[in-house]
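Engineer: Let me begin by handing over the structure; questions about it come next.
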Amino acid sequence: MALRNRSKDAPAGKGPGVKGGKGTAPAKKKLPRGARLQQIKRAFAVTRQNDPKVLPYLLAAFFGPFLLLLALGFVVGQPIYLGFLGLLVALIVTAFVFGRRVQATAYSQVEGQLGAAAAVLDNMRGDWRVTPAVGFTREQDLLHRVIGLPGVVLVAEGARNRTRNLVVTEKKRLARWIGDVPVYEVLVGDGEGQVGLRELEKHFLKLPRNIKGKQVNELDRKLKAMGGAGAMPIPKGPMPTRMPRK
């Protein structure tokens, strides 16, 4: 469960954003059409290698709704209209099923690896500024820092008793920089009060929006100046960044 903490040691700073002082988030580059197609092909190849059922699922997802609506079109005397509608529905359903199978395969490949949570955090929807491994222990417990509209989220991977010290240390470092911006804590795991790796993005999307985009940029600028990023590895699995989602 995420815990919330507010530091009152200093007021929140007001300064220019990271882009031209206007407080706007960095523009995200769009992939060229050919590059996106190659990305989808690679995702399919990796998924099919690890999930032999993906092709039957995709065929069923496409032909199921298409043939159903086409047959209904012949019954009501509108085969062209309902056939076209069935094609659109089939493409949407197929894209959804494909995205879910790719995502499941990606999670299965990073689960259990050092830095798995950082790989998931780095591919979440929305404007999240992720700094992996701001703290770590000899036992390879990790602490990641995420900045977003909820404020600052500290995400720990590892044993609760060891990561607790990492969280406390990071909060002390943050106190002089973030003012009264909320700080949340997340411990990744399958135990009570923890957030599973597959539920991590959903958990983030449920957090309240406490600050504005301009403050996110300012926080990002300040904390980058503060430094503290570690050099721990992050899994390089095929985490989908722009695949269809529910």
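Engineer: Any idea how many residues of segment 65-115 are of a type outside the set (F, W, Y), over 18 Å from the mean Cα position of the chain (by Cα) and at negative phi? Before the answer, list the steps.
Structural biologist: As a first pass, look at segment 65-115 and keep what is of a type outside the set (F, W, Y): 65, 67-73, 75-80, 82-83, 85-95, 97, 99-106, 108-115.
So of that shortlist, the ones also over 18 Å from the mean Cα position of the chain (by Cα) come out as 65, 67-73, 75-80, 82-83, 85-95, 97.
Checking which are at negative phi leaves us with 65, 67-73, 75-76, 78-80, 82-83, 85-95, 97.
Number of matching residues: 27.
Engineer: Do we find that A43 is in a helix (DSSP H, G or I) and under 12 Å from R101 (Cβ atoms) in this structure? Write out each step before concluding.
Structural biologist: Numbers: in a helix (DSSP H, G or I): yes; under 12 Å from R101 (Cβ atoms): yes.
For A43, the condition - in a helix (DSSP H, G or I) and under 12 Å from R101 (Cβ atoms) - is met.
Engineer: Turning to a different aspect of this structure: Do you know which residues across segment 196-223 are under 18 Å from V183 (Cβ atoms) and free of Cβ contacts under 8 Å to residues at least 40 places away in the same chain?
Structural biologist: Selection gives K206 alone.
Engineer: Starting from residues that are assigned to a loop (DSSP other than H, G, I, E, B) and among the basic types (K, R), keep the ones in segment 100-141 and report whichever is farthest from R160 (Cα to Cα).
Structural biologist: Going through segment 100-141, the residues assigned to a loop (DSSP other than H, G, I, E, B) turn out to be 111-115, 122-128, 137-141.
After this cut, where a residue has to be among the basic types (K, R) as well, the list is 125, 138.
Numbers: R125: 27, R138: 14 Å.
Among those residues, the one meeting the criterion is R125.
Engineer: Applying the selection to segment 51-90, what residues are closer than 30 Å to M124 by Cβ, surrounded by 15 or more Cβ atoms within 10 Å (Cβ to Cβ) and not small (G, A, S)?
Structural biologist: D51, V54, Y57, L58, F62, P65, V89
Engineer: Still on this structure, I have one more. Name the residue that is farthest from A119 (Cα to Cα), counting only residues in segment 166-179 that are surrounded by fewer than 16 Cβ atoms within 10 Å (Cβ to Cβ) and modelled with pLDDT under 90. Steps first, please.
Structural biologist: Restricting attention to segment 166-179, the residues satisfying the condition of being surrounded by fewer than 16 Cβ atoms within 10 Å (Cβ to Cβ) are 168-169, 172, 175-176.
Within this subset, residues satisfying the condition of being modelled with pLDDT under 90 are 175-176.
Working: A175: 27, R176: 28 Å.
Among those that are surrounded by fewer than 16 Cβ atoms within 10 Å (Cβ to Cβ) and modelled with pLDDT under 90, it is R176.
Engineer: Hey, among the residues in segment 175-214 that are closer than 15 Å to R125 by Cβ and assigned to a loop (DSSP other than H, G, I, E, B), which one's nearest to the chain's Cα centre (by Cα)?
Structural biologist: For segment 175-214, the residue satisfying everything is L207.
The values are calculated or read from the model by the stated rules, or taken from the named source; none is laboratory data. Nothing here was measured: the structure is a model prediction, and the numbers come from that model. So basically every Cβ, Gly included, is an ideal-geometry build from the backbone, and we count neighbours across all protein chains shown.
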